[in-house]
Every structure is written in C-alpha cells, then in structure tokens.
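This report refers to the structure that appears directly beneath it.
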Amino acid sequence: EPMIRLERFAVNLTDFEIPDNDGLYLDRGNISAEGEVALCATLPLRQILAQMLAAGIPARISNTAGTFLCNATLFSALQSIKNLELTTLCGFVHLPYLP
C-alpha cells in the first residue's frame, strides 16, 4: 500500500501465510493464553492522521495489523503495558515499501 497506515487494533491471533525470518509458520494460535481477543492502540490516531495529511503525507487509519509479525508485535506491546499497569502510549505504524 503506497501510504502510511496507523494501526487501530491488534488481535490475539497468529495465522501466518508466509514463514517468519526463522522459517516458522505460526498457524491459528493465540499470542497470549490469558490475553483478550483484541487490544486497541493508545496513540491519538486521529490527531496523528490529521497532522500527517495536513503535511501532505499520505496516510490512513487501518483497523487491523493483520495476523503476522506486525500484529504480534503490537499485541505483545499492548498486553505488556496493560499487565504492568503502565500509562505508556502504544501503537504501530506501517510504512510503505519504497518503489
């Protein structure tokens, strides 16, 4: 996708269609046994989006980071923040591939 995506949710699911860097396929399992079904990013996404668009940077809010490593990273970070009872803001920004 030729724009930045600000991810809104992370789901407690792995379902890799391609192997990770170690050659592993993680298929339809939970990231966390005690975790919720999904967690919401805590960054001010609408504000970030508005500022990016005002600066001429193509961007959009995305409702899912998929079920691969990006999602697992966001879910794990959000779950850790929640478990540690921190107030740290957390989100995931997908950057486009360079042409």
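The values are calculated or read from the model by the stated rules, or taken from the named source; none is laboratory data. Note that the structure is predicted; figures quoted are calculated from it, not measured. As a convention, Cβ positions derive from the backbone with ideal geometry for all residues, glycine included, and neighbour counts pool all protein chains shown. Surface areas here come from the heavy atoms of the whole protein model, side chains and all, with no ligands, DNA or RNA. Shrake-Rupley method; radii C 1.70, N 1.55, O 1.52, S 1.80 Å.
Would you be able to say whether some residue in the stretch 45-56 is out of contact with any strand residue (DSSP E or B) (no Cβ under 7 Å at 6 or more places or on another chain) and of a type in the set (Lys, Arg)? Yes, because at least one residue in the stretch 45-56 is out of contact with any strand residue (DSSP E or B) (no Cβ under 7 Å at 6 or more places or on another chain) and of a type in the set (Lys, Arg).
The residue of the stretch 43-72 that is surrounded by the fewest Cβ atoms within 10 Å (Cβ to Cβ), among those that are without any contact (Cβ under 8 Å) to a residue 24 or more places away in the chain and polar (S, T, N, Q), is Gln47.
What are the residues in the stretch 73-88 that are surrounded by fewer than 17 Cβ atoms within 10 Å (Cβ to Cβ) and closer than 27 Å to Ile18 by Cα, if any?
Quick first cut of the stretch 73-88, residues surrounded by fewer than 17 Cβ atoms within 10 Å (Cβ to Cβ) only: 73, 76, 80-88.
Passing the criteria: Thr73, Ser76, Ser80.
Residues in the stretch 1-41 that are in contact (Cβ under 8 Å) with a residue 12 or more places away in the chain, aromatic (Phe, Trp, Tyr) and open to solvent by 50 Å² or more (accessible area, probe 1.4 Å): 1 in all.
For the stretch 1-18, which positions are modelled with pLDDT under 80 and assigned to a loop (DSSP other than H, G, I, E, B)? Step through it out loud before you land on a result.
Keep residues of the stretch 1-18 that are modelled with pLDDT under 80, which gives 1, 15-18.
Residues satisfying the conditions are Glu1, Phe16, Glu17, Ile18.
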